[in-house]
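Okay, structure first, notes after.
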Amino acid sequence: MRYKYNLPIQLTAWLLIACLLKAAGQPVTNTFYCSREMARIGAALKDPAHASFQVTAVTTYNDGTTNTMTCQYKVSGNKVHVERTDSTEFIQNSLVSLLVQHDQHRVILDKPVDLFKYVLNANLTDNSFYKTFVIGMAMANTGGYKKLSYQFKPESPYRGYEITYDSTTYRIQTIQYSFNIAGSGNTPAGSKMPFQVTMQFSNYQTGLFTDSMFSTDGYFIRKQGICNMVPPYTNYTIKNSLNQ
């Protein structure tokens, strides 16, 4: 019986410590608190119906070159339509996801993916990923924003990952991460790795479109299990990975 009554007291103490650290502006390393914040960020991304925003991603490579790409997102729940400046388009509804590579006249049809994972460019919310690569998480306040940071094991391809988000709306403001396929090992001379990515989120709006934005009818039709592109995309090759 004593254990039954002490458990809520211990939980309250942990939450009180987290609140005190937040008030002092110090990093919070309590994994439960950080994981809860991560879940709220993901929920905020999917919560508003018909929300749009822009992401400008700047990649800086080890050889000194850079690449800038802008993405226009339209989302509703787990449905998404993304138009990118690299001639790529991604459409997803409750049934399928469709990657259109316009410059290559190529289409990949697949099962829907988790929207949060797609935006993050990392499988941070997966339990096996966490156990394999992550040492811990930390949280810090920066004015009206919060910064959630991941610390990784040496063998992880990620060297760092930070998400800055609005402390009230939980909308993402920036994401910064460093990536190296070789982990902490050496990379060949002249390699583009490790590279760093900075993603800036802006222009959040709601209610400017309908669910027709997530329809794939204008790209392909499926009859008796066979998928074929429709005009003006009939010269695009299609790879159907739905059954793989």
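List of remarks:
- Candidate cross-link partners of residue 153 among the lysines, defined by an alpha-carbon separation under 16 Å and a same-chain spacing of 8 or more, comprise 131.
- Relative contact order of region 47-103, defined on C-alpha pairs under 8 angstrom at six or more residues apart (%): 24 percent
- Shape category assigned to region 35-115 from the gyration tensor of Cα positions, a/c cut at 1.5: oblate
- Nearby lysines by direct alpha-carbon distance to residue 74 (threshold 22 angstrom, same-chain neighbours under 8 apart not counted): 46, 111, 117
- Only Lys, Arg, Asp and Glu carry charge here, each on its Cβ (+1 for the first two, -1 for the last two); on that basis region 159-244 has a dipole of about 320 debye about its Cα centre.
- log₁₀ of I(q)/I(0) at q = 0.14, 0.19 Å⁻¹ - region 72-151, Debye sum with one point per alpha carbon: -0.65, -0.92
- Assuming charge only on the beta carbon of Lys and Arg (+1) and of Asp and Glu (-1), the dipole of region 101-244 about its Cα centre is about 220 debye to the nearest 20.
- Debye intensity ratio in log₁₀ form over the Cα atoms of region 156-244, taken at each q of 0.11, 0.18 Å⁻¹: -0.71, -0.89
- Think of each Lys and Arg Cβ as +1 and each Asp and Glu Cβ as -1; about the Cα centre, that makes the dipole of region 116-164 roughly 60 debye.
- Percentage of interatomic Cα-Cα distances in region 87-213 larger than 20 Å: 60 percent
None of the figures in this text is laboratory data; all of them are computed from the coordinates on show. Keep in mind that what you see is a predicted model, and the values were worked out from it rather than measured. In this analysis, Cβ positions are derived from the backbone assuming ideal geometry, glycine residues included, and neighbour counts consider all displayed protein chains.
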